[in-house]
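Report on one structure; see the data block that follows.
The values are calculated or read from the model by the stated rules, or taken from the named source; none is laboratory data. Quantities reported herein were computed from a predicted structural model and do not represent experimental measurements. Every residue, glycine among them, receives a Cβ derived from its backbone with ideal geometry; neighbour counts consider all protein chains shown. With ligands, DNA and RNA removed, areas are computed over all heavy atoms of the protein, side chains included. Shrake-Rupley method; radii C 1.70, N 1.55, O 1.52, S 1.80 Å.
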Amino acid sequence: DTAVSQTPKYLVTQMGNDKSIKCEQNLGHDTMYWYKQDSKKFLKIMFSYNNKELIINETVPNRFSPKSPDKAHLNLHINSLELGDSAVYFCASGKLGTDTQYFGPGTRLTVL
Amino acid sequence: DQQVKQNSPSLSVQEGRISILNCDYTNSMFDYFLWYKKYPAEGPTFLISISSIKDKNEDGRFTVFLNKSAKHLSLHIVPSQPGDSAVYFCAATASGTYKYIFGTGTRLKVLA
């Protein structure tokens, strides 16, 4: 009964490729987030969607495109992958206006 | 620009003793603060939070203290247990922004 799930857990790919990471939550939350944790362990917000609408878009390259087909899903598509994209990407969900976010297990992306 | 800082990357404590994890912030607009705990290969899990209208919040063995004038908060774990060994992240948000800023984490090791 995983609350927030991400696939794949590990992703190894070549520079220049396009890849997607999927996220699903079964908590009935209306808000979903993508975070990036880089090699320095900074956990930085990238995007947030509320009811399928984008509400937060940090200064992320436009090679990153989130897509929310419904409230329970927020996928992250990355075009033309670069070495610097290597990181752990966490999906999270929560109720807008509340404090608690529930995180997925993370996807470790390695770009060679 | 690190708005939330955890200056101690690691901390070791004997089982049964108190663990004190510290966090400093710079943005005076932050009015809600959270602590998350993270085990390896898992996403962060919510532990405890505090609103800026309070200076202390307690939940079982965990207590968070907030000193607004010093822009400092701390997490106390008493008594510490080996299962508390994890990375602890401090996070802050300003009401209405829906954006959470995380510190870089402190790795706590509780020695049996």
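Points worth noting:
- In segment A:55-97, residue most open to solvent (accessible area, probe 1.4 Å) [restricted to those that are over 23 Å from residue B:104 (Cα atoms), more than 14 Å from chain B (Cβ to nearest Cβ) and of a type in the set (Gly, Ala, Ser)]: A:80
- The residue that is nearest to the chain's Cα centre (by Cα), among those in segment B:22-48 that are of a type in the set (Ser, Thr, Tyr) and farther than 17 Å from residue B:105 by Cβ, is B:32.
- Close pairs from segment A:58-81: first more than 14 Å from residue A:21 (Cα to Cα), partner outside any loop (DSSP other than H, G, I, E, B), Cβ under 6 Å, at least 6 apart: A:58/A:45; A:58/A:46; A:60/A:46; A:72/A:24; A:72/A:25
- Of all residues making up segment A:9-46, the number that are open to solvent by 20 Å² or more (accessible area, probe 1.4 Å) and farther than 19 Å from residue A:84 by Cα: 6
- When every residue of segment A:25-45 is checked against the conditions, at least one turns out to be touching a Lys or Arg at 6+ places or on another chain (Cβ under 7 Å), within 14 Å of chain B (Cβ to nearest Cβ) and hydroxyl-bearing (Ser, Thr, Tyr).
- Matching residues in segment A:34-70 - criterion: being over 10 Å from the mean Cα position of the chain (by Cα), closer than 22 Å to residue B:106 by Cα and part of a strand (DSSP E or B): A:37, A:43, A:44
- Taking strands (runs of 3 or more DSSP E) as the structural unit, those lying wholly within chain B and holding at least 2 residues that are more than 14 Å from every other protein chain (Cβ to nearest Cβ) and open to solvent by 30 Å² or more (accessible area, probe 1.4 Å) correspond to B:10-14, B:19-25, B:56-59, B:62-67, B:72-77, B:106-111.
- Top-ranked residue of segment A:98-112 - restricted to ones that are assigned to a loop (DSSP other than H, G, I, E, B) and at the interface with chain B (Cβ under 9 Å from one of its Cβ atoms), ranked as surrounded by the most Cβ atoms within 10 Å (Cβ to Cβ): A:104
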